[in-house]
Amino acid sequence: MDAIELLTRDHRAVEELFSQFDGGDDETRRSAAEGVIRELSIHAAIEEEFFYPMVKKEVPDAAGMVDHGIEEHQEAKQVLAKLDETIDKSHTKAYAEKMQRLQKLIADHVEEEEKELFPTVREALTKTRLNEVGTLMNKAKAAAPTRPHPNVPANPAVQAVAGKAAAVVDRMRDAVSGRGES
Ligand SMILES: [Fe+2]
Ligand SMILES: [Fe+2]
C-alpha cells in the first residue's frame with residue numbers, strides 16, 4: 001500500500017467524522033468525537049514514527065516542512081486531549097466550539113501536507129519505497145495509541161517505546177469503555 005494514499009485516505013475519513021459531528025444528534029456527536037480522537041491519534045502516531053522520519057532522511061530539503069508539521073501535530077494534540085477529557089460534554093456548545101477549532105487546525109495541516117509535502121515526497125521517492133513504508137504504517141495502525149499524548153515527544157525513538165506503552169494503556173481503556181473496534 002502506498003504511504004501517501006494511506007495517509008490521504010485517513011484525511012478523508014477524519015473529514016467525514018467532522019461532518020458527522022456537525023450534523024449529528026447527541027449520540028452521533030459523541031461517537032463522531034470519539035472517532036476523531038481515535039483516528040487522529042493513530043494517524044499522528046504513524047506519521048511521526050514512520051512517515052516524517054523517512055521524509056527527513058530521504059527527501060532533500062523537506063526537513064523544514066516536517067518540523068512545521070510536527071509543531072502542528074503538537075497543537076492539535078493539546079486540543080484533542082481537552083476533547084478527550086471532556087467527552088461527556090460532547091453535546092454542549094462549548095465542546096462544539098473546541099471541535100471547530102480542531103477542525104480548522106486539521107484542515108490547514110492537511111492542506112499543507114497534501115499540497116506541499118506529499119507532492120514533494122512523491123517526486124523524490126520511488127513507488128516501491130512508498131509501498132514499503134505504507135505497508136509498515138498500515139500494520140502499525142493496529143497497535144498505535146488511540147488517544148492523544150501531548151507529553152510524548154514526536155520523536156521516532158521515543159515513540160517506539162513511550163508511544164507503544166501509551167498505546168497499550170489506551171487500548172485497555174478503549175476495551176473497558178467500549179470505545180473503538182480494533
Ligand atoms: Fe496527515
Ligand atoms: Fe500530519
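The values are calculated or read from the model by the stated rules, or taken from the named source; none is laboratory data. From a predicted model like this one, the values you see are computed outputs, not experimental measurements. When we count neighbours, we look across all protein chains shown, and the Cβ atoms used for this are built from the backbone with ideal geometry, even at glycine. When the accessible area is computed, the model is the full protein with side chains, heavy atoms only, and any ligands, DNA or RNA have been set aside. Shrake-Rupley method; radii C 1.70, N 1.55, O 1.52, S 1.80 Å.
Please go through segment 3-22 and pick out each residue that is open to solvent by less than 70 Å² (accessible area, probe 1.4 Å) and either free of Cβ contacts under 8 Å to residues at least 40 places away in the same chain or not in a helix (DSSP H, G or I) (or both). Answer for segment 3-22, where residues must be open to solvent by less than 70 Å² (accessible area, probe 1.4 Å) and either free of Cβ contacts under 8 Å to residues at least 40 places away in the same chain or not in a helix (DSSP H, G or I) (or both): Asp10, Ala13, Leu17, Ser19.
Taking (1) more than 25 Å from Pro119 (Cα to Cα); (2) of a type outside the set (Lys, Arg); (3) exposed (fewer than 14 other Cβ atoms within 10 Å of the Cβ) in turn, Ala63 satisfies each apart from (1). Glu97 - would you say it is in contact (Cβ under 8 Å) with a residue 24 or more places away in the chain and acidic (Asp, Glu)? Here the answer is no, as Glu97 does not meet what is asked. Of the residues examined, Val110 is one that is within 14 Å of ligand 1 (Cβ to nearest atom) and closer than 25 Å to Gly24 by Cβ.
Kindly indicate which of Glu34, Glu58 is away from ligand 1 (no atom under 15 Å from the Cβ) and either open to solvent by less than 10 Å² (accessible area, probe 1.4 Å) or within 15 Å of Pro156 (Cβ to Cβ) (or both). Give the steps one after another, and end with the answer.
Details: Glu34 fails: either open to solvent by less than 10 Å² (accessible area, probe 1.4 Å) or within 15 Å of Pro156 (Cβ to Cβ) (or both).
Within the list Glu34, Glu58, the selection yields Glu58.
Wholly within segment 57-139, which helices (runs of 4 or more DSSP H) include no fewer than the required count, namely at least 2 residues that are within 13 Å of ligand 2 (Cβ to nearest atom) and either among the β-branched types (Val, Ile, Thr) or under 22 Å from Gln20 (Cα atoms) (or both)? Can you show your working first?
Working: elements: 63-85, 93-112, 118-124.
Qualifying helices (runs of 4 or more DSSP H): 63-85, 93-112.
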